[in-house]
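Data block below; observations after.
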Amino acid sequence: MSRPIQALIDLSAIEHNLTVVRRHAPRPQVMAVVKADAYGHGLLRAADALKRAEGFAMLEIDAAIQLREAGHRQAILLLEGFFSMEELAWIERYRLSTVIHHREQIEMLSSYKRRSPVDIFVKINTGMHRLGFSLAEIPSVLDALAADFPPHRITLMTHLARADESSGDESVAAQMRSFEAAAGGRRLPCSLANSAAILRCPGTHGDWVRPGIMLYGASPLPGTSAAALDLRPAMTVSSRIIAVQALQGGDGVGYGHAFRADRPMRVGIVAGGYADGYPRHAPTGTPVLVNGRRTRLVGRVSMDMLHVDLSGMEDAGVGSPVTLWGKGLPVDEVARAAGTIAYELLCALAPRMRIVT
Ligand SMILES: *Cc1c(COP(=O)(O)O)cnc(C)c1O
């Protein structure tokens with residue numbers, strides 16, 4: 001028997017979540033975002049579950065090549081584009097699609113001797129102020145590209161800063177106006193929507209939607225649960241209790257005695273810590289399931305272990321099953337308790353985690 005912590009990846013949940021994307025955005029093609037090892041779920045594994053998507057998007061060129069070599073024939077888009085001429089050669093060789101978002105990329109493109117077509121996504125900064133050409137630059141960028149790329153090889157793209165907030169509607173509308181102004185009446189395909197915009201902003205769906213987090217079954221909308229959106233959790237991190245401590249009132253548990261019992265109580269020691277990807281900053285009170293029942297984390301998370309309150313759980317002991325997040329305990333709730341978002345917890349799954357499907 002090995003250390004009992006594991007992450008169960010439910011591929012049917014990912015497949016189901018893709019159908020939820022289609023329900024909200026029936027017309028556009030879907031560019032499934034699989035960056036950061038498919039948000040921690042495993043690139044090739046997730047891509048198999050997402051094989052009905054028309055494309056994949058990520059940032060890491062080695063991952064893009066891996067996906068192509070695994071036999072996926074869809075569009076594979078590099079969200080930050082390329083960083084060198086050498087990468088351009090890989091893009092051509094593996095028929096990848098690329099974002100371009102700054103002048104240097106256009107210069108590299110125009111000096112590269114291309115033999116086969118490449119699809120370009122021109123990133124426009126419509127207000128996120130992260131990547132993209134300014135509105136003023138777009139006409140000259142498109143003119144520069146027109147020499148080498150027929151219109152059907154060019155998609156206009158932007159990213160929305162506040163699509164997840166109910167108070168973000170005006171911000172989304174302003175970004176949409178900028179996007180339309182940048183397009184300047186050109187009838188090019190476009191791509192704007194992440195998960196939040198797919199769910200909240202149908203006017204942004206365009207020709208390609210780019211769902212990420214919702215495919216993995218976490219909610220992109222603060223205040224709305226994944227279950228309410230019919231999203232199913234794709235990752236369940238579970239473990240077991242490996243020791244039980246009987247505390248007296250006043251006893252502290254773990255490093256810094258960050259939790260102290262105010263009465264006699266039992267505490268379960270769980271195999272799972274920050275070296276597995278559980279957030280160290282999760283405070284006492286963060287929800288945990290033991291034997292399928294909700295209890296709380298107590299004390300400071302260590303590298304390999306954490307402690308849970310077994311008060312009122314006489315049936316719990318060494319070997320009792322523990323869920324840290326996933327089925328039965330939404331990752332969004334754990335993330336909120338730990339002062340972060342589900343994205344960070346999913347992506348931070350440690351390499352040492354045993355994965356089962
Ligand atoms: C990560 C990312 C997405 C997906 O965002 P979610 O909120 O996970 O749906 C879409 N577009 C771009 C450019 C991204 O970087």
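The values are calculated or read from the model by the stated rules, or taken from the named source; none is laboratory data. Keep in mind that this is a model prediction, so the values were computed, not measured. Cβ: placed from backbone, ideal geometry, glycine included. Neighbour counts: every protein chain shown. Side chains included, ligands, DNA and RNA excluded: accessible areas come from the protein's heavy atoms. Shrake-Rupley method; radii C 1.70, N 1.55, O 1.52, S 1.80 Å.
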query: What is segment 235-356's relative contact order, in percent, from Cα pairs under 8 angstrom and six or more apart in sequence?
result: 30
task: Taking trypsin sites (Lys or Arg not before Pro) as candidate sites, keep only those in a DSSP loop with at most 15 other Cβ atoms within 10 Å, then name the longest stretch of the chain containing none of them.
output: 188-279
message: Per residue of segment 112-123, what does 6.51 cos²θ - 1.76 cosθ + 1.60 with θ = phi - 60° give for ³J(HN,Hα)? Whole Hz please, x for Gly and Pro, Karplus curve as stated.
response: 7, 8, 8, 10, 10, x, 10, 8, 10, 10, 8, 8
message: If I stretch the segment between Glu344 and Arg280 completely, what's the gain in nm (0.36 nm per residue apart, minus their alpha carbon distance), one decimal?
response: 21.8 nm
- request: Tell me what the chain gives for mean residue ellipticity at 222 nm when only DSSP H runs of n ≥ 4 count, each as -39,500 (n - 2.57), the sum divided by the residue total, rounded to 500 deg cm²/dmol.
  value: -7500 deg cm²/dmol
task: Starting from the Cα of Ala246, step 7 Å toward the Cβ, then list every residue of segment 261-276 with an amide N under 16 Å from that point.
output: 263-269
message: Report the Cα centroid-to-centroid distance between segment 53-67 and segment 174-241 in angstrom, as an integer.
response: 18
task: Before anything else, pin down the relative contact order of segment 1-68: Cα pairs under 8 Å, at least 6 apart, normalised by residue count, whole percent.
output: 36
- request: Quick one, can you get me the convex hull of the C-alpha atoms of the chain expressed as volume per residue in Å³?
  value: 144
field: Total charge dipole magnitude, segment 11-223, about the Cα centre, Cβ charges on Lys, Arg, Asp, Glu only, Debye to nearest 20
entry: 600
query: How far apart, in nm, are two points set 7 Å out from the Cα along the Cα-to-Cβ line at Arg95 and at Asp315?
result: 5.5
query: How are the C-alpha pair distances of segment 235-356 spread across 5 Å bins, as whole percents from the shortest bin up?
result: 2, 12, 24, 26, 20, 10, 4, 1, 0
- request: Run the numbers on the chain and let me know its relative contact order in percent, using alpha-carbon pairs under 8 Å that are six or more apart.
  value: 18
- request: Whenever you get a sec, compute what percent of the accessible area on the chain sits on carbon and sulfur atoms (1.4 Å probe).
  value: 52
message: How big is segment 1-144 along each principal axis, measuring the range of its Cα positions in Å and listing the largest first?
response: 59, 33, 27
